[in-house]
Every structure is written in C-alpha cells, then in structure tokens.
Amino acid sequence: MLPDLIEIVPPEPGRETTVVLPGSKSITNRALILAALASRPVTLRGALWSEDTQAMVECLERLGFPSRVEPDAAEPANRTITVAGRGGTIPNTGTPGQPLELFVENAGTAARFLPPLLCLGHGSYRVSGIARMHERPQAALVGALRQLGYRIDTPNDRLPAVIHGTGPRHGAACSVSVAESSQFASALLLSARIGGWNVAVTGANEDELPYVDMTRRLVDDFPWTGGSYDIEADASGASYFWGADWLLRDGGGHVRVEPTPRSGMQADQKFLDLIARKPWRPSYSRRTDLADSIMTAIVLAPFASAATAFTDLGRLRVQECERVKALHAELAKCGALVEERGDTLVIQPGTLQGAEIETYNDHRVAMCFGMLGLRVPGMRLRQPACVRKTFPNFFAKLAELGAVIRDPASGTALAGEALLA
C-alpha cells in the first residue's frame with residue numbers, strides 16, 4: 001500500500017520500455033449496467049478493477065445481480081467479470097420508509113448511471129456517496145427522470161437521493177441537458193431500451209458529445225441476449241504514458257503503450273495524434289479537442305516552445321475536485337507561469353522544479369504530476385493512493401519505466417505491493 005507521501009526519482013535517460021494499459025473505466029461501468037439489463041449472463045473481458053468499477057459491481061450485487069470476478073492474466077488491474085443479467089428486472093428493492101441503500105463512493109459514473117436503472121425496478125432506493133459526490137451536479141438527470149414520470153426525492157437535486165422505481169414507461173419522453181456533464185445523457189440512454197423511453201439530448205452540438213456516442217455504440221453492439229464483450233484499453237490512462245514518451249524523448253527515451261485504443265469511442269484517443277505525434281499547438285479545447293487528457297496536456301505545457309491556451313475548462317471545475325484551480329496552484333508550486341482567464345488557462349514555457357503536490361483526492365491530479373516526476377527531480381505527491389479510483393497500479397507502471405518511487409520518510413524505494421493503491 002502506498003504511503004501518504006511519495007517522491008518520484010526520474011529514470012536514467014535513454015530507456016526504451018513498454019507499458020500495458022488496464023481497461024477503460026468509462027466503458028467498464030457502462031458495460032456493467034448493460035450486462036445487468038441483458039436477458040442472460042454477459043462476460044466482460046479486460047474490465048478495469050478499480051475503486052469506481054468495484055463500487056458499481058457492489059451496487060449491482062446489492063440489487064440482486066450476482067457477479068463472478070476472475071483475474072486477468074494479461075493485466076493485474078483488469079478482471080474478467082460475468083454478470084447475471086435479468087432482462088430489466090431488479091430483484092432486490094426497498095420501501096419508501098426503508099429504501100435499499102446504495103453507496104457509490106466517489107464514482108460519478110455510478111452516481112449517474114444507476115438512477116435510471118433503478119427507475120425500472122419496483123421499489124425505493126437511496127443513492128449516496130462521499131461528501132464531494134454530494135456536491136457534484138445531478139439536477140439535469142433528476143429533472144429528466146421526473147419528466148419520464150418517476151418520483152425522485154432530493155431537497156437540492158443532488159445526492160443523496162431516493163429513487164422510487166415503477167418499471168418501464170413505454171413511450172415516455174424527456175429532454176436532458178449535457179451542459180454540465182454528458183454522463184446525464186449516457187445514463188438515460190443506457191436504460192432507455194428497456195425503459196421504452198425517448199431521450200432528446202440538449203446543450204451541445206453532436207460533435208461535442210464523444211462520451212454520448214460511446215454510449216450509443218455500446219448499446220448497439222452489446223450482446224443483449226448474453227455472451228461476451230471485450231473492454232478496450234483506457235485512453236485517458238494512456239495519455240500519461242504517451243505524455244511520458246513526449247517528456248522523455250529529448251533524452252533518447254521511448255515509451256511504447258499497448259494495447260493502443262483504436263475504436264474511436266474514447267475522446268482521449270485523440271491525445272496520441274493531437275499531442276504525442278503532432279507539433280504542439282497554441283491552443284487546445286476541453287470541449288472539442290480532448291476530454292480528461294487535457295489535464296495531461298496542461299501539465300506538459302511548460303515544456304512547449306511557446307505559450308499555450310487551454311480553453312473551455314468549465315467542466316473541470318465540478319469533477320473530483322476544482323481541477324482548474326488545482327492545476328493552477330500545483331503548477332505554480334513547480335515554478336510554472338500560469339494565468340487563469342475565466343475558464344481558460346494560459347501557460348508559458350519555462351523551467352520547472354520539484355515541489356510537494358497536493359492531490360486533492362483526485363486521481364487525475366496525482367497521475368498528471370506523477371508523470372511530471374519522470375522529467376522533474378524532487379516531485380513529491382501527497383495522498384497518492386487516490387489513483388485507486390481508476391488506475392490502482394499506476395505507480396507500479398511508472399516504476400516499470402525506470403522511475404524510483406521512494407518513501408521520503410524512510411528513504412526506501414517502494415516495490416511490489418507497496419506500489420499499489
């Protein structure tokens with residue numbers, strides 16, 4: 001288990017290494033919902049096994065969907081998960097006076113994807129999470145479910161919320177805004193086939209909705225009558241190692257990432273072409289260019305040859321932490337010249353130094369600055385185990401690149417299980 005503070009010692013220059021990626025969290029948690037809705041058991045191969053996906057599996061098991069979880073020989077952070085689908089029936093329910101409790105931890109996908117599924121049951125369910133999850137937006141989804149005719153009890157349109165399921169409502173219609181999160185639309189679309197709902201998506205152009213397109217493709221391609229489904233490797237996780245290759249190439253290093261996500265379902269697949277393989281651009285948009293991996297690009301920006309503007313970052317403010325301010329503050333600790341203009345960060349090129357980084361219980365902040373430690377000596381991360389949310393063996397992968405992950409309290413290098421979150 002990782003200690004509360006770690007230091008990253010950069011690898012020797014000139015190393016060539018290969019990193020094997022775990023499965024996509026976004027695809028895994030969508031596939032788990034669809035597997036529960038399938039009419040017969042579905043086996044998910046290459047599924048990510050992390051805090052977020054475990055939270056989803058635990059919630060589904062409480063609802064009466066038993067699962068078999070087996071190791072994956074190709075990647076320690078993956079599992080083969082078989083879910084016993086019930087064709088739209090939810091076996092376990094609660095009552096209005098005593099709802100069935102479902103705890104989603106800090107998993108935004110579970111918090112958004114479960115309520116529409118619960119509407120298909122016949123009973124009451126209370127969905128809650130950690131304190132930060134109770135602060136995150138949920139109103140657009142709550143409003144859409146009410147349009148469909150379901151009762152949702154929440155005083156502020158956020159979690160915790162009690163969902164009162166009354167089964168499918170064939171022909172019911174709703175519109176849902178994705179201005180704050182595309183997960184609201186994905187949540188409804190995952191259950192719409194069984195629910196009989198017509199879902200209209202508002203608040204963005206179609207080309208701005210890659211995660212909604214991912215959901216539609218999964219719904220179309222999924223084995224609804226039972227079978228197996230392969231989970232693609234995680235493109236957002238790949239960005240840290242494509243970024244590592246970009247950082248280390250000046251010293252003759254090379255990082256090969258396998259398997260390379262190629263389906264086009266994941267927006268962050270574009271990081272490979274936009275950042276790793278193409279000349280650096282003067283600006284990148286969170287809305288039209290990159291999804292979560294724009295954070296990876298922001299941390300790389302001080303090594304670019306000219307100033308870079310990162311635009312349309314508003315959604316980063318309402319995720320696991322206030323990510324715009326977190327990136328600004330922690331890069332500034334490292335000596336970066338960062339200017340915040342509304343929802344834009346402008347970063348100047350310059351020399352960085354190591355610093356003690358606050359991770360804000362945000363896996364992506366930890367992984368971004370962990371990647372930076374491959375190039376910048378003296379990088380220390382507080383509470384690095386937050387990477388368990390989506391990439392529990394992230395620091396073991398950094399060690400595979402030749403970095404030394406050290407416990408500064410004892411001065412010892414971490415190895416084996418001590419590198420796992």
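The values are calculated or read from the model by the stated rules, or taken from the named source; none is laboratory data. None of the values given here were measured: they were computed from a predicted structure. Don't worry about glycine lacking a Cβ; one is built from the backbone with ideal geometry, like all the others, and counts go over all protein chains shown. All accessible areas refer to the heavy atoms of the entire protein, side chains included, with ligands and DNA or RNA removed. Shrake-Rupley method; radii C 1.70, N 1.55, O 1.52, S 1.80 Å.
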Amide hydrogen neighbours beyond the local backbone of residue 5, cut-off 5 Å, H modeled: 383
Arranged from highest to lowest average of other beta-carbon atoms within 10 Å per residue, in what order do the peptides 68-80, 371-383 appear? 371-383, 68-80
Antiparallel versus total DSSP beta bridges in the chain: what percent is that, nearest 5? 60
Report residue 333's accessible area, 1.4 Å probe, all protein chains in place, as a number in Å² to the nearest 10. 90
Classify the chain as rounded, prolate or oblate from the Cα gyration tensor: take a ≥ b ≥ c as the square roots of its eigenvalues, call it rounded if a/c is under 1.5, otherwise prolate when a/b beats b/c and oblate if not. prolate
Can you give the convex hull volume per residue for the Cα atoms of the range 276-421, as a whole number of Å³? 107
Using a 1.4 Å probe, how large is the accessible area of residue 315, given in Å² and rounded to the nearest 10? 60
At the level of C-alpha centres, the distance separating the range 58-91 and the range 135-176, in angstrom, is 25
Protection proxy ranking of 44-53, 411-420 - average other beta-carbon atoms within 10 Å, highest first: 44-53, 411-420
Sulfur and carbon atoms: percent of accessible area, the chain [1.4 Å]: 48
Across 409, 307, 187, the residue with the highest GNM fluctuation in the chain (Cα network, 10 Å cutoff) is 409
Run through the DSSP bridge list for the range 56-130 and note the antiparallel percent, rounded to the nearest 5. 60
Can you classify the range 143-209 as rounded, prolate or oblate using the Cα gyration tensor, where a ≥ b ≥ c are the square roots of its eigenvalues, rounded means a/c under 1.5, and otherwise it's prolate if a/b beats b/c and oblate if not? oblate
Taking the 0 to 90 degree range and rounding to the nearest ten, how far is the long axis of helix 51-62 tilted relative to the main principal axis of the chain, both from C-alpha atoms? 20
For the chain, the longest principal axis of the Cα atoms and the Cα long axis of helix 235-248 enclose an angle in degrees, to the nearest 10, of 0
Potential lengthening between residue 225 and residue 130 on full extension [0.36 nm per residue; Cα-Cα distance subtracted]: 30.7 nm
To test your reading of the geometry: what angle, between 0 and 90 degrees and rounded to tens, separates the Cα axis of helix 210-221 from the longest principal axis of the chain? 50
Mean accessible area per residue over the range 297-368 (1.4 angstrom probe, all protein chains present, square angstrom) is 34
I need the phi-derived Karplus couplings for the range 12-25: 6.51 cos²θ - 1.76 cosθ + 1.60, θ = phi - 60°, integer Hz, Gly and Pro marked x. 5, x, x, 7, 10, 9, 10, 10, 9, 8, x, x, 6, 5
Decide, for the range 100-192, between rounded, prolate and oblate: order the square roots of the alpha carbon gyration tensor eigenvalues as a ≥ b ≥ c, take rounded if a/c falls under 1.5, and otherwise choose prolate if a/b is larger than b/c, else oblate. oblate
Run the quick spin-label model on residue 409 and residue 70: label points 7 Å from Cα toward the beta carbon, then report their separation in nm to one decimal. 4.0
Given 27-38, 156-167, 228-239, 276-287, the highest-first ranking by average Cβ count within 10 Å works out to 27-38, 228-239, 156-167, 276-287
Run the simple label-point estimate for residue 216 and residue 288 please: 7 Å along Cα→C-beta, distance reported in nm. 1.9
In percent, how large is the relative contact order of the chain, given Cα pairs closer than 8 Å and 6 or more residues apart? 21
Those lysines that a straight Cα-Cα span of less than 28 Å connects to residue 25, excepting residues fewer than 8 apart in one chain: 270, 278, 325, 389, 397
Whole-Hz ³J(HN,Hα) for each residue in the range 304-317, computed from phi via Karplus 6.51 cos²θ - 1.76 cosθ + 1.60 with θ = phi - 60°, x for glycine and proline: what do you get? 6, 8, 8, 4, 10, 9, 10, 10, 6, 8, x, 5, 5, 6
Could you list which residues have their amide H under 5 Å from that of residue 355, counting only those 5 or more apart in sequence or on another chain, with H placed in the peptide plane? 379, 380
